[in-house]
């Protein structure tokens, strides 16, 4: 019972500390995101919830927003959650795709769409993840999220939740248990 409590305390502390380190990319402040043809804009994510917001097209018609991030050793992506979507100009959806970099460039690992009904959806539970390990969480690697649309001015935001890799958290918890036993 005591070890379960200790692991729960360690997990809660990691979650709380990760939330304080999270990053934010706002296209209106940080600059227009890259596109598939030119390559992604890289975003330095941290442990916790990392937010991305933007507008596909920005009044220009055809546009793609492509953001990439690297997950380091000892980390994992536990969720990519749509937090808002505002359609525009009569189009009610936009493409929402997962890419991965296998060392020689990005390739599409999975595809889907987003609508206003999808707000709150964790796309790691929707996308086919067979090309990136089969299931969430996503382990270390470089990933990209592409929003593809032919209609300008669609606004969106989504969160990328980065956690300590499950094995890292377990090892940290076990280390804490060893330290607690030594103190006795």
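The values are calculated or read from the model by the stated rules, or taken from the named source; none is laboratory data. Because the structure is a prediction, the values reported are computed rather than measured. Every residue, glycine among them, receives a Cβ derived from its backbone with ideal geometry; neighbour counts consider all protein chains shown.
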The residue that is surrounded by the fewest Cβ atoms within 10 Å (Cβ to Cβ), considering only those in region 79-125 that are over 14 Å from the mean Cα position of the chain (by Cα) and part of a helix (DSSP H, G or I), is 117
Can you work out which of the residues in region 142-165 that are farther than 16 Å from residue 79 by Cβ and either out of contact with any strand residue (DSSP E or B) (no Cβ under 6 Å at 6 or more places or on another chain) or not in a strand (DSSP E or B) (or both) is modelled with the lowest pLDDT?
-> 150
Any pair with Cβ under 6 angstrom, 6 or more apart, that starts in region 21-49 at a residue that is closer than 18 Å to residue 154 by Cβ and ends at one that is part of a helix (DSSP H, G or I) | 33/27
Taking into account only those residues within region 53-64 that are surrounded by 21 or more Cβ atoms within 10 Å (Cβ to Cβ) and farther than 8 Å from residue 156 by Cβ, which is modelled with the lowest pLDDT?
-> 57
Going by the conditions given, is residue 128 more than 11 Å from the chain's Cα centre (by Cα) and assigned to a loop (DSSP other than H, G, I, E, B)?
-> yes
